[in-house]
Amino acid sequence: MLLQRTDKARDELGPGMRMLGLRQRSLLLLADGRKSLADLGPLFAGEGERLVLDLGRQGYLEPVRSR
């Protein structure tokens, strides 16, 4: 499953107030619609999978929809 940013994530990455930490923001930058949980999971000393799942639950990441 490929992951992409939501509008909420794009707002977080734009100028303004930050709600997320550096690791979460870095992961959002990497979630470009071409990377999967398997690609992102090993990042950040193995915490990538937990971060991806947390960001998904919070509405920052979603699966890429078929076109």
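For VAL52, are the conditions met, namely being on the phi < 0 side of the Ramachandran plot, of a type in the set (Val, Ile, Thr) and in contact with a helix residue (DSSP H, G or I) (Cβ under 9 Å, 6 or more places away or on another chain)? Spelling it out, VAL52 is indeed on the phi < 0 side of the Ramachandran plot, of a type in the set (Val, Ile, Thr) and in contact with a helix residue (DSSP H, G or I) (Cβ under 9 Å, 6 or more places away or on another chain).
Just name the residue that is surrounded by the most Cβ atoms within 10 Å (Cβ to Cβ) out of those in region 41-67 that are within 17 Å of ALA9 (Cα to Cα) and small (Gly, Ala, Ser). Taking the candidates together, the pick is GLY48. If you go through region 1-31 and keep only what is farther than 12 Å from TYR60 by Cα and either in contact (Cβ under 8 Å) with a residue 24 or more places away in the chain or part of a helix (DSSP H, G or I) (or both), you end up with MET1, LEU2, LEU22, ARG23, SER26, LEU30. Residues in region 10-40 that are open to solvent by less than 40 Å² (accessible area, probe 1.4 Å), within 20 Å of SER66 (Cα to Cα) and either touching a helix residue (DSSP H, G or I) at 6+ places or on another chain (Cβ under 8 Å) or aliphatic (A, V, I, L, M) (or both): ALA31 alone.
The values are calculated or read from the model by the stated rules, or taken from the named source; none is laboratory data. All figures in this text were calculated on a predicted structure; none of them were measured in a lab. Cβ atoms come from the backbone with ideal geometry, glycine included; neighbour counts cover every protein chain shown. Just the protein is used for accessible areas: all its heavy atoms, side chains included, with ligands, DNA and RNA removed. Shrake-Rupley method; radii C 1.70, N 1.55, O 1.52, S 1.80 Å.
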